[in-house]
Amino acid sequence: MFELLYNYFIINYNYKKGLLMLCGIDEAGRGPIAGPLVVAGVILKNEIIGLNDSKKLTEKKREVLFDDIINNSVFHIVFTDSKTIDEKGLSSCLRNSIKDIMRNLEKYADDFLMDGNTSFGIQTLQHKIKADATVQEVSAASILAKVSRDRYMCKIAAQFPSYDFEKHKGYGTKAHVEKIKTHGRCSEHRYSFKLKALEEDKEGVQKSLF
C-alpha cells in the first residue's frame, strides 16, 4: 500500500507541475476458455482511496471502485470477442487493444504503463511487473477491465443458460468443463483453447502468456 500511494503522489506531483500524465493499462480475460478479452486504459484526474490489483479485491469492492474510477478519470475500454481471438491469436488481440487505447488517449497522456513483463513490441509502451498492485492508474485499469468483463459474462449467462457463465466467468473450472462435455461449445467459447480434459489434440493449444 505504501508503494502504491508513493507512486501516485510522485506521478500526481509531476502532473501538477505539467511534467507527466500517466495512462495505466491492464487486461482481464487472457486465460478463460470462453468470453472476451477486455483491456482498459485509465488516466486518473483525482486520487481514489482503496485501489489495488482487482484480483485482491472482493466483487463488492470492485463494483464500488468501478463507479469511482469512471467518475474520476479519462478511460477507454476495448473488448475483443472469442471469434477474433481464435482468428488472430491472443497476443495479436492484446497488442491491437493496447494500440487502440493509446490512439484514443494519446492526447491526454504523456506515458503509457502496462502491467506485466512485456510491451508486446510497442516501443512507446512501458511495462512493470505487479504494476496493478503498485501504480494506481494500472490498478484502476485492472478494476475497469475485470468488472466490465464480469458484467458481460453475467449478461450473456441468460442467453446461454446451459453453461453457468455467471458463476465461473468463462474460466476452465471443472464444472465448466463438465458443461462443455454435456452441451458442446457455444459461440462464446474459444475453440483455439484446447482442453486436455476433453482429450483434444495438443497441436495448436494456446499457451499461457504469463
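Quick note: the coordinates plus some simple rules give every number you see, no bench work behind them. Bear in mind the structure is a predicted one, so any value in this text is a computation, not a measurement. Reconstructed Cβ throughout: ideal geometry from the backbone, glycine too, with neighbour counts over all protein chains shown.
Structural remarks
Residue by residue, here is whether (1) aromatic (Phe, Trp, Tyr); (2) touching a strand residue (DSSP E or B) at 6+ places or on another chain (Cβ under 9 Å); (3) touching a residue at least 12 places away in the same chain (Cβ under 8 Å); (4) within 23 Å of Thr118 (Cα to Cα) holds:
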| position | (1), (2), (3), (4) |
| --- | --- |
| Ile69 | no, yes, yes, no |
| Thr84 | no, yes, no, yes |
| Arg95 | no, no, yes, yes |
| Ile98 | no, yes, yes, yes |
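- Test result for Lys179, in a helix (DSSP H, G or I), without any contact (Cβ under 8 Å) to a residue 24 or more places away in the chain and over 22 Å from the mean Cα position of the chain (by Cα): yes
- Residues (touching a strand residue (DSSP E or B) at 6+ places or on another chain (Cβ under 7 Å) and either over 11 Å from Gly24 (Cα atoms) or not charged (D, E, K, R) (or both)) located in the stretch 111-134: Phe112, Leu113, Met114, Gly116, Asn117, Thr118, Ser119, Thr124, Leu125, Gln126, His127, Ala131
- Restricting attention to the stretch 153-176, the residues that are on the phi < 0 side of the Ramachandran plot, without any contact (Cβ under 8 Å) to a residue 24 or more places away in the chain and either part of a helix (DSSP H, G or I) or surrounded by 14 or more Cβ atoms within 10 Å (Cβ to Cβ) (or both) total 9.
- Of residues in the stretch 117-145 being among the charged types (D, E, K, R) and surrounded by fewer than 20 Cβ atoms within 10 Å (Cβ to Cβ), the one nearest to the chain's Cα centre (by Cα): Lys130
- Annotation note: of Met102, Met114, the sole residue that is among the aliphatic types (A, V, I, L, M) and surrounded by 21 or more Cβ atoms within 10 Å (Cβ to Cβ) is Met114.
- Residues located in the stretch 84-122, provided they are of a type in the set (Asp, Glu) and either in contact with a Phe, Trp or Tyr (Cβ under 8 Å, 6 or more places away or on another chain) or under 22 Å from Lys45 (Cα atoms) (or both): Asp86, Asp100, Glu106, Asp110, Asp111, Asp115
- Residue-level check: of (1) in contact with a Phe, Trp or Tyr (Cβ under 7 Å, 6 or more places away or on another chain); (2) within 30 Å of Lys88 (Cα to Cα), Ser54 misses just (1).
- Listing of strands (runs of 3 or more DSSP E) fully contained in the stretch 48-152 that carry 2 or more residues being β-branched (Val, Ile, Thr) and over 16 Å from Cys23 (Cβ atoms): none
- Residues in the stretch 58-72 include at least one that is closer than 30 Å to Glu178 by Cβ and crowded, with 16+ Cβ neighbours inside 10 Å.
- Pairs are defined by a Cβ separation below 7 Å, a sequence spacing of at least 6 or placement on different chains, a first member in the stretch 39-57 that is more than 21 Å from Glu106 (Cβ to Cβ), and a second member that is part of a loop (DSSP other than H, G, I, E, B) and of a type outside the set (Phe, Trp, Tyr); the pairs so defined are Asn46/Asn72; Ile48/Asn72.
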